[in-house]
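Written out below as structure tokens is the structure these notes cover.
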Amino acid sequence: MSKVLLLRFPSRRAFTLVELLVVIAIIGVLVALLLPAVQQAREAARRMQCGNNMKQLGLALHNYHDTFGTFPCNIWTSPDGQPNAFSFLSLMLPHLEQSSLHSQLDFRVPFNDSASSSNRTLVQTPIQAFICPSDPTPAVRSDIARSWEWPRPSTASAINTGGPAGVTCYKGFMGVGFASNPANGLFERQPANAVRFRDIVDGTSNVFGLIEQSPSYAPWCAWAGTNGVWVGSTDQGRINEVRFHFPTIDNTEVGIGYRYAPSSLHPGGVFATFADGSVHFLPETIDSVVYRGLGCHNDALPVGGFGAMNN
């Protein structure tokens, strides 16, 4: 009889559909658990960089004071008495390793003078030391408030037609109230009165110098212009309050009271550089009396133990 040769093929084991679905579900759960941790790690890195930026600005303020005997102030007139409107940040450029840019700016004419094509181009320069890495605002914008310019366009249709200009997330604290005169903060809106260390009677560790204000919520944000580099504490001027009233990013000139106040895209608060050069993170929950006290440098009522966290 002939023998039949039977061939045996090895059986192959494969995943069932149920097993694949279980694995995919497990991977999805792991990703969902890890993603917040990754985001927190990234924000921690961004916060560290932001704090470092503000530390460098604090050192620049001190270096400027060592050189000129005062803190820098906005320039409202040129040497021939014409409107000029360069910001104090423009004057600090040599102390931020931006000497080349500073030397090219023509401080004899308005910073946005259409006759000075050089100035109009230079003020569009993005400066990383002025940008918070947590803020999504473009470093150069063409939709900022018309009032960053000088002279200011008079027509209402010019709202949010200023620029193009480089923006800043870090501004000088003007003080308590709007356009207080004389200023009770280190940086006055107008007219600019220079403040010296000896004028800070409350103690340099108890007074705001610079503070965050997000260009995403503040239409006045050009680093070169006087009307874009100050923050004030108004009746509506609590930290990040603008974000509560405008949940989506919005930099129009509506609800301006809220937009004078500090704001940032950091969860829970903003960074501030104090007059002594130290950097602190100010929580949104900071007591309003304490917050206002830190904004005033000359009321002889120093505020201590304000609950801010060192960077």
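Residue 146 contributes about 40 Å² of solvent-accessible surface, heavy atoms of the protein only, 1.4 Å probe. Using the average count of surrounding beta-carbon atoms within 10 Å as a protection proxy, the listed peptides 244-254, 263-273, 24-34 rank, highest first, as 263-273, 244-254, 24-34. Among 68, 88, the order of accessible area from largest down is 68, 88, computed with a 1.4 Å probe on protein heavy atoms.
Solvent-accessible surface (1.4 Å probe) assigned to residue 201 amounts to roughly 90 Å².
Distance between the 7 Å Cα→Cβ label points at residue 16 and residue 201: 8.4 nm. Over all orientations, region 241-298 has a Cα convex hull whose mean projected area works out to 4.8 square nanometres.
The values are calculated or read from the model by the stated rules, or taken from the named source; none is laboratory data. Because the structure is predicted, anything quoted here is derived from the model rather than measured. Neighbour counts run over all protein chains shown; Cβ positions are idealised from the backbone, glycine included. All accessible areas refer to the heavy atoms of the entire protein, side chains included, with ligands and DNA or RNA removed. Shrake-Rupley method; radii C 1.70, N 1.55, O 1.52, S 1.80 Å.
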